[in-house]
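The values are calculated or read from the model by the stated rules, or taken from the named source; none is laboratory data. For clarity, every value in this text was computed on a predicted model and none was experimentally measured. Neighbour counts run over all protein chains shown; Cβ positions are idealised from the backbone, glycine included.
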């Protein structure tokens with residue numbers, strides 16, 4: 001099952017997350033559904049895409065499906081992981097991908113929202129990046145998504161505290177492009193997407209690619225990259241990583257030892 005619904009309205013592609021029983025967790029099946037939708041939209045040359053959750057979901061997405069994480073030292077945020085493929089497809093889609101957010105956004109789903117080109121949310125929206133709750137060493141590309149969107153200080157606070165940023169503050173710090181009343185969320189987002197779709201699709205695609213290239217124009221020496229990977233391996237091989245996953249599955253507070 002894909003756990004998503006796909007629609008096309010007035011040349012705008014819409015992908016709805018629709019697995020409320022699992023709080024729209026980013027399972028491999030749900031992620032594949034989003035990927036399939038985006039591929040179809042790209043083939044049809046739709047100029048703009050909206051990524052939302054079905055009405056009635058109080059959680060936009062609970063983030064990565066922890067039950068699919070291995071307790072081994074396998075990197076769940078590796079380059080070939082399906083969620084990382086989705087991030088790259090969102091970035092590479094030739095038109096804007098607009099996140100339409102009603103409800104709370106957690107963990108890897110927060111990264112997905114940060115990767116979208118524009119974010120529109122209502123008063124129920126909140127955003128938390130939570131790897132420190134599970135002792136997960138996040139990947140460099142994901143951290144860069146936050147730095148590019150929010151700057152260093154806010155990105156650090158979000159990662160270190162793992163606390164939700166509520167809607168009002170989310171607009172102030174730049175997570176949200178627009179904060180609109182819940183009853184107007186779909187209409188506002190559709191109107192924004194339609195206005196963008198009326199512009200030159202070629203110009204939009206080229207300018208988006210320029211944004212992508214310039215945002216990533218920070219060369220990292222090979223030894224620094226190797227150090228980053230080494231630091232992440234320290235956590236994957238730790239007691240805290242195994243404890244973080246076990247405590248989540250057992251629905252209890254983790255007992256971290258810092259080792």
Tally of residues being in contact with a helix residue (DSSP H, G or I) (Cβ under 9 Å, 6 or more places away or on another chain), buried (at least 16 other Cβ atoms within 10 Å of the Cβ) and over 17 Å from residue 99 (Cα atoms) across region 165-210 = 1
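On the given criteria, is residue 148 free of Cβ contacts under 8 Å to residues at least 60 places away in the same chain, part of a helix (DSSP H, G or I) and more than 23 Å from residue 18 (Cβ to Cβ)? Walk me through how you get there before you give the answer.
Details: free of Cβ contacts under 8 Å to residues at least 60 places away in the same chain: no; part of a helix (DSSP H, G or I): yes; more than 23 Å from residue 18 (Cβ to Cβ): yes.
No: the conditions fail for residue 148.
I need the full set of residues from region 18-60 which are in a strand (DSSP E or B), closer than 30 Å to residue 202 by Cβ and within 17 Å of the chain's Cα centre (by Cα), in order please. Break it down into steps so the answer makes sense when it comes.
As a first pass, look at region 18-60 and keep what is in a strand (DSSP E or B): 26, 48-53, 59-60.
Cutting the leftovers down to closer than 30 Å to residue 202 by Cβ gives us 48-52.
Residues satisfying the conditions are 49, 50, 51, 52.
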ask   = Would you say residue 7 is touching a residue at least 40 places away in the same chain (Cβ under 8 Å) and either more than 24 Å from residue 92 (Cβ to Cβ) or surrounded by fewer than 14 Cβ atoms within 10 Å (Cβ to Cβ) (or both)?
value = no
note = Counting only helices (runs of 4 or more DSSP H) entirely within region 62-144, those with at least 2 residues that are in contact with a strand residue (DSSP E or B) (Cβ under 7 Å, 6 or more places away or on another chain), buried (at least 18 other Cβ atoms within 10 Å of the Cβ) and at pLDDT 95 or above are 108-115
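To keep it simple, each residue is scored yes or no on (1) over 27 Å from residue 78 (Cα atoms); (2) part of a helix (DSSP H, G or I); (3) touching a residue at least 12 places away in the same chain (Cβ under 8 Å); (4) under 25 Å from the mean Cα position of the chain (by Cα).
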position: 195; (1), (2), (3), (4): yes, yes, no, yes
position: 214; (1), (2), (3), (4): no, yes, no, yes
position: 235; (1), (2), (3), (4): no, yes, yes, yes
position: 245; (1), (2), (3), (4): no, yes, yes, yes
position: 248; (1), (2), (3), (4): no, yes, yes, yes
position: 257; (1), (2), (3), (4): no, no, yes, no
request  = For region 20-42, state whether one or more residues are farther than 22 Å from residue 92 by Cβ, without any contact (Cβ under 8 Å) to a residue 40 or more places away in the chain and crowded, with 22+ Cβ neighbours inside 10 Å.
outcome  = no
message = One residue is enough: does region 179-189 have a residue meeting the conditions touching a residue at least 24 places away in the same chain (Cβ under 8 Å) and part of a loop (DSSP other than H, G, I, E, B)?
response = yes
